[in-house]
Amino acid sequence: MVMDINEILQYLPHRYPFLLIDRVLEIEEGKRIRALKNVTMNEPFFPGHFPHHPVMPGVLIIEAMAQAAALLSFKSTGAKLDENSVVLFAGIDKVRFKRQVVPGDQIVFDVDVTHSKRSIYKYQGVARVDGQVVTEAELMCAVRTKE
């Protein structure tokens with residue numbers, strides 16, 4: 001199943017400049033997702049990170065990976081975005097940055113569910129550019145209802 005940006009917007013609360021997933025290429029509900037982010041020179045963080053050598057901040061690569069995981073969680077539970085639900089980080093472990101991400105790169109995120117119980121999900125995520133691993137991480141997210 002493929003999701004375009006219009007469907008992604010139905011599931012994620014993020015908007016410009018913080019929406020970091022452009023398309024979902026594959027999704028197997030309850031199991032895995034493959035999503036992508038096109039990195040352009042127009043990203044709002046490049047003028048400051050760094051002016052003469054633009055590099056995507058690692059924390060934003062992890063955030064994009066988490067957004068892919070959130071899409072998988074919402075699609076797997078059948079829940080759509082509403083004012084009362086949110087997917088939050090609960091933990092990040094074993095993060096490794098292997099190479100820089102620069103303008104013109106296309107990041108492909110492969111995120112697999114490794115454990116789920118009630119509204120807590122654990123994932124293994126890998127981000128690649130041109131087939132090369134740029135970032136790996138274990139993520140834990142929780143689906144919460146706002147009070």
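What follows draws every value from the coordinates through simple rules; no lab data is involved. The shown structure was predicted, so the numbers you read here are calculated from the model rather than taken from an experiment. Note: ideal-geometry Cβ built from the backbone for every residue, glycine included; neighbour counts use all protein chains shown.
Side notes on the structure shown:
- The charge dipole of region 5-145, taken about its Cα centre with unit charges on the Cβ atoms of Lys, Arg (+1), Asp and Glu (-1) only, comes to about 300 debye.
- Taking the chain as the region of interest, the number of lysine pairs whose Cα atoms are within less than 15 Å, with members eight or more places apart or on different chains, is 5.
- Using C-alpha pairs below 8 Å separated by at least 6 residues, the relative contact order for region 92-147 is 39 percent.
- Over all other residues within a Cβ to Cβ distance under 14 Å of PHE89, the charged ones net out to -1, with Lys and Arg as +1 and Asp and Glu as -1.
- Listed peptides 41-47, 97-103, 59-65 by packing density, highest first (mean Cβ within 10 Å): 59-65, 97-103, 41-47
- Rounded to whole Hz, the Karplus (6.51, -1.76, 1.60) HN-Hα couplings of region 69-76, x for glycine and proline: 4, 4, 4, 4, 4, 4, 5, 5
- When you restrict to C-alpha pairs under 8 Å that are six or more residues apart and normalise by the size of the chain, the relative contact order lands at 25 percent.
- In sequence order, calculated HN-Hα J values of region 48-55 (Karplus, 6.51, -1.76, 1.60; Hz; x Gly/Pro): x, 9, 10, x, 9, 8, x, 9
- Seen from all directions on average, the chain presents a Cα convex hull projection of 8.6 nm².
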